[in-house]
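Below you'll find the structure, written out as structure tokens, and then a few comments.
Every number here is computed from the coordinates shown, using simple stated rules; none is lab data. Because the structure is a prediction, the values reported are computed rather than measured. Neighbour counts are summed over all protein chains in view; Cβ atoms, including those assigned to glycine, are modelled from backbone coordinates with ideal geometry.
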Amino acid sequence: MLNQLSNKFILLALTVILLIGCKEKSPTLPILGEPTILGNDTIYPTIANFRFVNQDSNIVTNQTFENKLYIADFIFLSCPTICPKMTKELYNAYQQFENESRVLFISHTIDPEHDTIPALKAYAKNLGVNSNKWHFVTGNQESILNLSELSYFSAAYPDSTSPGGFTHSGGLLLVDKNRHIRGVYNSMNPEETKRLVKDVKILLNEQF
């Protein structure tokens with residue numbers, strides 16, 4: 001009887017080990033950007049400190065996104081080409097996480113001279129979004145363009161030859177709670193928005 005119990009215990013233990021070994025690992029997202037190696041530490045680029053003003057005239061800084069995931073883009077309201085499509089796709093993602101407090105959104109205007117706070121307010125109101133959830137921010141143009149280039153690795157600059165007077169990327173950028181970029185998504189392709197939504201869910205599972 002003792003031997004039978006011992007054999008059953010061994011069989012049970014082996015079964016548990018096999019089940020653990022066969023369990024699929026949770027998917028993870030890469031950290032984008034060229035890392036710096038310091039000794040045994042791998043240090044990835046982070047979004048630089050910023051300070052802007054949103055559509056409600058509230059100050060928006062990195063602290064606004066503390067312990068949050070967020071999705072960012074760079075637009076201007078008079079854009080006649082890709083910006084309306086970018087906003088539409090970002091709005092589709094917004095709808096998926098409208099009631100998820102750990103996910104926020106930020107759109108930076110690259111044309112602060114014309115995209116005033118009242119203009120941003122009207123734009124957000126027309127979309128019907130929560131201003132505490134999706135920040136449309138303005139500020140010093142040089143600071144915004146530098147943030148786009150140096151932190152988000154995203155093109156955005158005045159260009160008199162481009163429609164609307166600016167050239168900029170159509171990318172939507174997923175940032176984790178440690179200020180690392182974890183994904184870039186082509187807003188011209190709705191399938192990329194679906195991938196973004198999937199990746200946000202992966203990142204929520206990874207970081208919370």
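Computed packing ranks the peptides 65-73, 183-191 as 65-73, 183-191, most packed first, by mean other Cβ atoms within 10 Å.
Under the simplified labelling scheme, the Ser131-Ser162 pair shows an inter-label distance of 2.9 nm, with each label point 7 Å from Cα along Cα→Cβ.
For Pro112, the shell of other residues with beta-carbons less than 15 Å away shows a net charge of -2, using +1 for Lys and Arg and -1 for Asp and Glu. The stretch 181-208 and the stretch 98-163 have Cα centres lying 19 Å from one another. Within the stretch 22-99, the ratio Rg/Rh, alpha carbon atoms throughout and Rh by Kirkwood, equals 1.05. Taking a span of 18 Å or more along the helix axis (Cα atoms) and a mean Kyte-Doolittle hydropathy of at least 0.0 as the rule, the DSSP H helices of the chain that qualify are 2-22.
Summing Lys, Arg as +1 and Asp, Glu as -1, what charge do residues with Cβ under 15 Å from the Cβ of Thr81 carry, Thr81 excluded? Spelling it out: positives minus negatives among the neighbours equals -2.
Distance between the pseudo-spin-label points of Lys121 and Leu150 (7 Å out from Cα toward the beta carbon): 3.2 nm. Note on Cα extents along the principal axes in Å: of the candidates [x] 51, 37, 34; [y] 86, 43, 31; [z] 59, 32, 29, the value calculated from this structure sits at [y]. Taking all Cα pairs closer than 8 Å and separated by 6 or more residues, the relative contact order of the stretch 41-207 comes to 30 percent. Among beta bridges identified by DSSP and lying wholly in the chain, the antiparallel ones come to about 60 percent. Counting neighbouring beta carbons within 10 Å and listing from fewest to most, the residues His135, His114, His180 come out as His114, His180, His135.
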